[in-house]
Amino acid sequence: MDEQGEPEDEKKVSWAELFFDLVFVVAVTQVSSFVEHHLTWGGLLRALVVFVPIYWLWVGSSIQTNLQDVSRPLIRIRLFVVALAGVFMALSLPVAYGRLGLLFAVAYWVGRLVLGVGVIAESLREGRLPLNPYSVSMVLTGPMLVVGALVHGDARETVWGIAALLDLSTPSLLRTRLRRLRLNPGHLAERFGLFVLIALGESVVAVGGSLDPHQLTVGQGFGVAIAFAVAAGLWWVYFHFAADAMRHAMATARVQLDITRLVLSYGHLAFIAGVILVAVGLRESIAAPTHHLHWAAAGLLLGGSALYLASFGFTRWAMFRLVSTTRLVAAAGVLVLLPIAPHVPALVTLAALALLLIVLNAVELERVERIGWRARLAGRATDG
């Protein structure tokens, strides 16, 4: 143990897990495309409903790889079978509310069954009732998705929405049963950081892959540069300060489940959703940087940024009962830009957002430098 009470020798993310994550790169891209083609409040809600099962499959896999030895061939094979289920979910996502809804639902159910079999068997061997998020998805929410796929229209959305809420609420409802669960803090914090990186990768794709190089204009070139500064600013907010704070919170929490549940599972869903919205907004902004953004695109770009920044207020309070003043003020500043954005060129909106993120990161960096090296070490627990 080091002087902060954290284990010196922590489990590392394996190559098998990184390979597994490639499937979810595709899934995030599909969700981003779904949002781009359904720029309404209803479209955003439908995108969230189909993203939650994908995210929950990834979360369940990450918990299992944290608890198990992924170097064992049978564990790797199980992980790859779950990855294949994720492939079919990503493949069917664009028409999950249409003819491929059943494929989407069955793929999720199969993935959760594969994850849950070992957990259920272990519970039965120990004489415990196998009531946990895995068993709930095996016998309740997985079948609910299949039932929802057999109906159409609003009925499917309703059934799937209820299933998504049940999956997300299960760790809270079963908190008493799960509170003794012990996880490797470094490994799990790194896993969730990698998913944030996957989402940020989608914003980089939006910056570099949404334009025709044969028709690139000077305005679009400036747009690419500023949009990349936005993506880099979002990266800095998470990985320069918050990532270490989350690892520290996991390592020192009396009840690890509370950090896993609130900060990792729920908080990171908000982080990732915010970044996906920003990626779609960046794509719209770069396409015509001298034109005014329409309300929907401005809402995605700025609303997604505000959601991302404000979510740190929730996670910091959940970890340390401290208020993340700088990030909440920055989130409010982003929202101030929202009514202005449709009346100015997209390039101006991008520049204002980039400047705000630069100022936020500079202020936080200056605060850490001013407080000193000793406080910087403690800042792993306070600057999230």
Fully extended, how many nm does the chain gain between Ile162 and Ala121 (0.36 nm per residue separation, minus their Cα-Cα distance)?
-> 12.0 nm
Residue of Gly42, Gly221, Gly274 that the Gaussian network model of the chain assigns the largest fluctuation, springs spanning Cα pairs under 10 Å = Gly42
Heavy-atom accessible area per residue of the chain, all protein chains kept, 1.4 Å probe, expressed in Å², is 44 Å²
GNM flexibility winner over the chain from Gly281, Gly161, Gly118 (Cα, springs under 10 Å) | Gly118
Sequence of Asp258, Asp167, Asp154 when ordered by accessible area, the most exposed leading, probe 1.4 angstrom | Asp154, Asp258, Asp167
Give, in nm to one decimal, the length gained when the segment between Gln215 and Ala287 is fully stretched (0.36 nm per residue of separation minus the Cα-Cα distance).
-> 24.8 nm
Once both labels are modelled 7 Å past Cα along the beta-carbon direction, what's the Val87-Ala332 spacing in nm?
-> 5.0 nm
Taking all protein chains as present, what is the carbon and sulfur share of the accessible area of the chain, in % to the nearest whole number, probe 1.4 Å?
-> 69 percent
Quick one: Cα centre-to-centre distance for the stretch 338-370 and the stretch 165-216, in angstrom?
-> 24 Å
Tell me the trypsin sites (Lys or Arg not before Pro) within the stretch 246-297 that lie in a loop according to DSSP and have at most 13 other beta-carbon atoms within 10 Å.
-> Arg254
Once phi is turned into ³J(HN,Hα) by the Karplus curve 6.51 cos²θ - 1.76 cosθ + 1.60 with θ = phi - 60°, what whole-Hz value does each residue of the stretch 157-173 show in order, with x for glycine and proline?
-> 4, 5, 4, 5, x, 5, 4, 4, 5, 5, 4, 5, 7, 4, x, 6, 5
Using θ = phi - 60° and the Karplus curve 6.51 cos²θ - 1.76 cosθ + 1.60, what whole-Hz ³J(HN,Hα) does each residue of the stretch 268-284 get, with Gly and Pro shown as x?
-> 6, 4, 5, 4, 5, 4, x, 5, 4, 4, 4, 4, 5, x, 4, 4, 5
Taking only C-alpha pairs under 8 Å that are 6+ residues apart, what is the relative contact order of the chain in percent?
-> 17 percent
For the stretch 17-172, what is the charge dipole size about the Cα centre, in debye to the nearest 20, if Lys and Arg each add +1 at the Cβ and Asp and Glu each add -1 at the Cβ?
-> 280 debye
Output ³J(HN,Hα) for the stretch 30-45: one whole-Hz value per residue in order, computed from phi by the Karplus curve 6.51 cos²θ - 1.76 cosθ + 1.60 with θ = phi - 60°, and x for Gly and Pro.
-> 5, 5, 4, 5, 4, 4, 4, 8, 9, 7, 9, 4, x, x, 5, 5
Taking only Cα atoms and a 10 Å spring cutoff, compute GNM fluctuations for the chain and point out the largest among His268, His214, His248.
-> His214
Stretched out fully, how many nm does the piece from Val204 to Trp15 gain, at 0.36 nm a residue minus the Cα gap?
-> 65.7 nm
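The values are calculated or read from the model by the stated rules, or taken from the named source; none is laboratory data. Computed from a predicted model, the values in this text were never measured in an experiment. Because the Cβ atoms are built from the backbone with ideal geometry, glycine has one as well, and the counts that use them run over all protein chains shown. Accessible surface areas use protein heavy atoms only, side chains included; no ligands, DNA or RNA. Shrake-Rupley method; radii C 1.70, N 1.55, O 1.52, S 1.80 Å.
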